[in-house]
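Undergrad: I am attaching a structure below and will ask some questions about it afterwards.
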Amino acid sequence: MDFGPYLVFASLEGAVLAATLSLTALGLSLVFGVMRVVNVAHGEFFMLGAVAAWFVSALGGEALGLPAWAGFAAALVLAPAAVGALAWAADRAILARVGYDPERTIVATIGLLYILQQLTLMGYGPEARPVEPPFNARIALPWPEWGADGFAWTWPWGFGTTSYKLFVIVAAAALLMAVWAVLSRSRFGLIMRATQYDRETAQAFGIPVGKVYAWTFALGAALAAAAAVLIVPIQQAHYLMGGDPLLLSFIVVIIGGLGSLRGTVLAALLIGMSDGVISVFFSPTLAKILATLLVALVLVFRPQGLFGAKTA
Amino acid sequence: MTGAAKPVGLHALVLAILLALHFVLPDYHHGVLARVLTLATFALGYNLMFGYTGLLSLGHALFFAAGLYGLGMPMQHLGWSAEVALPFGIAFAALLATGVGALALRTQGVAFMIVTLMFAQAGFLTLLYFNEFTRGDEGFVIAQEARSLFGISLADADARYIAALILFAVAMIATLILVRSPAGRVLVAIRENEERARMLGYDVARYKLLAIVASGAMCGAAGAAYGLLFGYVGATFASVQYSILPLLWVLLGGAGTVLGPLIGTAFMTYLIDLGSGLTDAYMLLAGAALVLLTLFAPAGLLGEVRKRWAGWLP
């Protein structure tokens, strides 16, 4: 009887991870798809999103006396916008100047990674700080199947936090739908897809490719930041928190295939769920070892999944 | 032949200066330079692949750590002597490089970078996973009595400096010989134009694998020597940071130059040393250096020198 509750718990954890992971990975995938560069600093944009969320909600709570939900809502808008603006500036100042050369871009974004991470350490400090969940206590979901079995008594803590976690899943899904709508229905999406399909022809048709690149880079970073704002009430904001999302996003993007929103979401679900399940039953480290090896082997034996698109 | 005289003279001079520094440096810098020489050997190994063959790996911490743990684990758990553990560490790194190379070389460019990064990450996590034996992040210390080669204790500062210098000299001379040999020319040809090298009939895949194995062995030697000279074995040396640092050192000093790795390592070590006195966020300097180098001097310090004044520099 012990197995069931653990499995549900693990899949719920997995679903939350999958939800934020698909947002983060989608950002990386968009940048790679449209600009053909790998942004190693992507995890730091995630981290900055979490730190910015802490600043906004703490400032809103202390200086303006806003309630937690208002501070959180403000963070959900302001943090991605600020991080997006920063990414836009980084694109103009660095990536555009190295001409989006794939290898030089990787080296430059590694540099950017350390700059952002260490500046955060200097400005924000080494502490991990929590952001208060907007409605953790308000919606305490009842859990009938469990209550009848008496499990609710054994784990009374289990579903106090779950109300917020369910919100994370819903919010991430809504954001994904919004991105999908922008990509496939709006004029900006059309321009982005045209640039991705054939940069030179797009330019010949008067599309300002440089601007599209900068906006894509900003959008990718903003998505990572949005995912971080959603996760920060669960995880706390810390200057080193960008490492895991970066690694996992890589894994998702490589397994899910390039530029495909559906592939990214499916791979995020697969990786998020299996990571959650393996982490609960075995060890998080083992889950990561398996995932990194999987990525390496996918790239070695099925490179067309991601990087072969260039030659096609 | 005058073509060979200049480079040979220059490198002999550099080694002579390093030997002279042994007698004049104050204690603190003496210790730092011993570390720089060991890490510069790591950078030399990295340079063999990145600088001369044009293969950008993001996972060389794996080979450094392979040497480090290949030496440290048997010494710690099996009571091996350093004379046996040192070659074992190097051989282990070379073997690992052969395996990783055989797989990773099926990819190119960005995919190659990510595959090497992932393998190194898997290696790092494996060290953490088995922390019962490896002691994970915390690491372990190799007992001072065990740290001796042929009766000479390497825990002693003087012996340590000379040992580090010998290590560096061997690696530097090996690099010099290799890059001036026909095989080395083929590596450079692959870097410059892989297709053309293949058209000329060279077995490109075999030469690339050769470069990875030689590079892995050299980095492994640096790792094993590091464990022996400084007596500390820890998983930090397998982390991403130690894959990025050799890249930074080589880029800074000049990729594809024999002396560049030493200059880059020394410069960066002192910069970080200086920076860590001022702030905890000393890796900021590394980040800024990477961005500035990519933007303004992709050839590195010696690369710029070679471009402007000294075309003969190997």
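The values are calculated or read from the model by the stated rules, or taken from the named source; none is laboratory data. In this text the structure is predicted, and so the values were computed from the model without any measurement. Quick reminder, even Gly has a Cβ in these numbers, built from the backbone with ideal geometry, and neighbours come from all protein chains shown. Remember, those area values only see protein heavy atoms, side chains included, never the ligands or the DNA or RNA. Shrake-Rupley method; radii C 1.70, N 1.55, O 1.52, S 1.80 Å.
So that you can scan it fast, the table gives a plain yes or no per residue for (1) surrounded by fewer than 18 Cβ atoms within 10 Å (Cβ to Cβ); (2) touching a residue at least 24 places away in the same chain (Cβ under 8 Å); (3) within 14 Å of chain B (Cβ to nearest Cβ):
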site: A:GLU200; (1), (2), (3): yes, no, no
site: A:PRO208; (1), (2), (3): yes, no, no
site: A:ALA225; (1), (2), (3): no, yes, no
site: A:LEU247; (1), (2), (3): no, yes, yes
site: A:PHE250; (1), (2), (3): no, yes, yes
site: A:VAL253; (1), (2), (3): no, yes, yes
site: A:ASP275; (1), (2), (3): no, yes, yes
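Undergrad: Out of all the residues in the range B:288-309, is one or more touching a Gly at 6+ places or on another chain (Cβ under 8 Å) and polar (S, T, N, Q)?
TA: Yes: one or more hits.
Undergrad: Hey, can you tell me all the residues within the range A:295-312 that are within 9 Å of another protein chain (Cβ to nearest Cβ) and modelled with pLDDT of 70 or more?
TA: A:VAL295, A:ALA296, A:LEU297, A:LEU299, A:VAL300, A:PHE301
Undergrad: Out of the residues in the range A:86-102 meeting the condition of being assigned to a helix (DSSP H, G or I) and open to solvent by less than 60 Å² (accessible area, probe 1.4 Å), tell me which one is farthest from A:PHE46 (Cα to Cα).
TA: The initial filter retains those residues of the range A:86-102 that are assigned to a helix (DSSP H, G or I), namely A:86-95, A:102.
Still in the running and open to solvent by less than 60 Å² (accessible area, probe 1.4 Å): A:87, A:89-91, A:93-95, A:102.
Working: A:ALA87: 11, A:ALA89: 16, A:ALA90: 15, A:ASP91: 16, A:ALA93: 20, A:ILE94: 19, A:LEU95: 19, A:PRO102: 22 Å.
Restricting to residues being assigned to a helix (DSSP H, G or I) and open to solvent by less than 60 Å² (accessible area, probe 1.4 Å), the top hit is A:PRO102.
Undergrad: When the range B:166-184 is examined, which residues are found to be exposed (fewer than 15 other Cβ atoms within 10 Å of the Cβ) and under 23 Å from B:LEU19 (Cα atoms)?
TA: Listed by number, the residues that qualify are B:ILE166, B:VAL170, B:ILE177.
Undergrad: Follow-up question, since we're still on this one. Just to be sure before I move on: is A:ALA171 more than 14 Å from chain B (Cβ to nearest Cβ) and open to solvent by less than 30 Å² (accessible area, probe 1.4 Å) in the structure I sent? I'd like the intermediate steps shown before the answer.
TA: Values: more than 14 Å from chain B (Cβ to nearest Cβ): yes; open to solvent by less than 30 Å² (accessible area, probe 1.4 Å): yes.
Yes: the conditions hold for A:ALA171.
Undergrad: Only one of these conditions is not met by B:GLY59: (1) assigned to a helix (DSSP H, G or I); (2) crowded, with 24+ Cβ neighbours inside 10 Å. Which number is it?
TA: The one condition B:GLY59 does not meet is (1).
Undergrad: Scanning for something outside any helix (DSSP H, G or I), touching a Cys at 6+ places or on another chain (Cβ under 6 Å) and more than 17 Å from B:ALA163 (Cα to Cα), does the range B:23-38 turn up at least one residue?
TA: Going through the range B:23-38, the residues outside any helix (DSSP H, G or I) turn out to be B:25-26.
Narrowing the set further to residues that are touching a Cys at 6+ places or on another chain (Cβ under 6 Å) leaves none.
Taking every residue of the range B:23-38 in turn, none turns out to be outside any helix (DSSP H, G or I), touching a Cys at 6+ places or on another chain (Cβ under 6 Å) and more than 17 Å from B:ALA163 (Cα to Cα).
Undergrad: Same structure again: Determine if the range A:236-243 includes at least one residue that is surrounded by 20 or more Cβ atoms within 10 Å (Cβ to Cβ) and of a type in the set (Ser, Thr, Tyr).
TA: Yes: the range A:236-243 contains one or more residues that are surrounded by 20 or more Cβ atoms within 10 Å (Cβ to Cβ) and of a type in the set (Ser, Thr, Tyr).
Undergrad: Return the total of residues in the range A:274-294 being among the hydrophobic types (A, V, I, L, M, F, W, C) and at pLDDT 80 or above.
TA: Going through the range A:274-294, the residues among the hydrophobic types (A, V, I, L, M, F, W, C) turn out to be A:277-278, A:280-282, A:286-287, A:289-291, A:293-294.
When the remaining residues are screened for being at pLDDT 80 or above, the result is A:286, A:289-290, A:293-294.
Summing the residues that are among the hydrophobic types (A, V, I, L, M, F, W, C) and at pLDDT 80 or above in the range A:274-294 gives 5.
Undergrad: Separate question: Scan A:GLY27, A:GLY71 and give me the residue that is open to solvent by less than 10 Å² (accessible area, probe 1.4 Å) and over 14 Å from the mean Cα position of the chain (by Cα).
TA: Working: A:GLY27 fails: over 14 Å from the mean Cα position of the chain (by Cα).
That would be A:GLY71, the only listed residue that is open to solvent by less than 10 Å² (accessible area, probe 1.4 Å) and over 14 Å from the mean Cα position of the chain (by Cα).
Undergrad: Output the residue which, of all residues in the range B:271-310 that are closer than 22 Å to A:LEU119 by Cβ and of a type in the set (Phe, Trp, Tyr), is nearest to the other protein chains (Cβ to nearest Cβ). Outline the logic, then answer.
TA: Residues of the range B:271-310 closer than 22 Å to A:LEU119 by Cβ: B:271-296.
Checking the rest, the ones that are also of a type in the set (Phe, Trp, Tyr) come to B:282, B:296.
Values: B:TYR282: 8, B:PHE296: 9 Å.
My answer is B:TYR282.
Undergrad: Could I ask something else about it? Looking at the range B:66-115, which of its residues are within 14 Å of chain A (Cβ to nearest Cβ), assigned to a helix (DSSP H, G or I) and of a type outside the set (Gly, Ala, Ser)?
TA: The initial filter retains those residues of the range B:66-115 that are within 14 Å of chain A (Cβ to nearest Cβ), namely B:96, B:99-115.
Subsequent filtering for residues that are assigned to a helix (DSSP H, G or I) retains B:96, B:99-104, B:109-115.
Across the range B:66-115, the qualifying residues are B:LEU96, B:VAL100, B:LEU103, B:VAL110, B:PHE112, B:MET113, B:ILE114, B:VAL115.
Let's see how each residue does on (1) closer than 13 Å to A:VAL232 by Cβ; (2) not hydrophobic (A, V, I, L, M, F, W, C):
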position: A:PHE45; (1), (2): no, no
position: A:ALA50; (1), (2): yes, no
position: A:GLY71; (1), (2): yes, yes
position: A:ALA74; (1), (2): no, no
position: A:GLY84; (1), (2): no, yes
position: A:ALA93; (1), (2): no, no
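Undergrad: Look at the range B:76-88 and say how many of its residues are closer than 12 Å to B:ILE142 by Cα and either polar (S, T, N, Q) or open to solvent by 20 Å² or more (accessible area, probe 1.4 Å) (or both).
TA: Residues flagged as closer than 12 Å to B:ILE142 by Cα and either polar (S, T, N, Q) or open to solvent by 20 Å² or more (accessible area, probe 1.4 Å) (or both) within the range B:76-88 amount to 5.
Undergrad: Just for the range A:114-128: of the residues that are at the interface with chain B (Cβ under 7 Å from one of its Cβ atoms) and not polar (S, T, N, Q), which one is surrounded by the most Cβ atoms within 10 Å (Cβ to Cβ)?
TA: Here is the first cut: in the range A:114-128, the ones at the interface with chain B (Cβ under 7 Å from one of its Cβ atoms) are A:114-115, A:118-119, A:121-122.
Applying the additional criterion that residues be not polar (S, T, N, Q) yields A:114-115, A:119, A:121-122.
Numbers: A:TYR114: 25, A:ILE115: 23, A:LEU119: 16, A:LEU121: 19, A:MET122: 12.
Ranking the qualifying residues of the range A:114-128, first place goes to A:TYR114.
Undergrad: Pull out all pairs, ordered by first then second residue, where Cβ-Cβ is under 7 Å, the residues are six or more apart or on different chains, the first lies in the range B:1-13 and is at pLDDT below 80, and the second is part of a helix (DSSP H, G or I) and surrounded by 11 or more Cβ atoms within 10 Å (Cβ to Cβ).
TA: Listed pairs, sorted by first residue: B:HIS11/B:MET172; B:HIS11/B:LEU176.
Undergrad: Of the numbered conditions (1) modelled with pLDDT under 55; (2) assigned to a helix (DSSP H, G or I); (3) buried (at least 17 other Cβ atoms within 10 Å of the Cβ), A:ALA152 satisfies every one except a single condition; which is it?
TA: (3)
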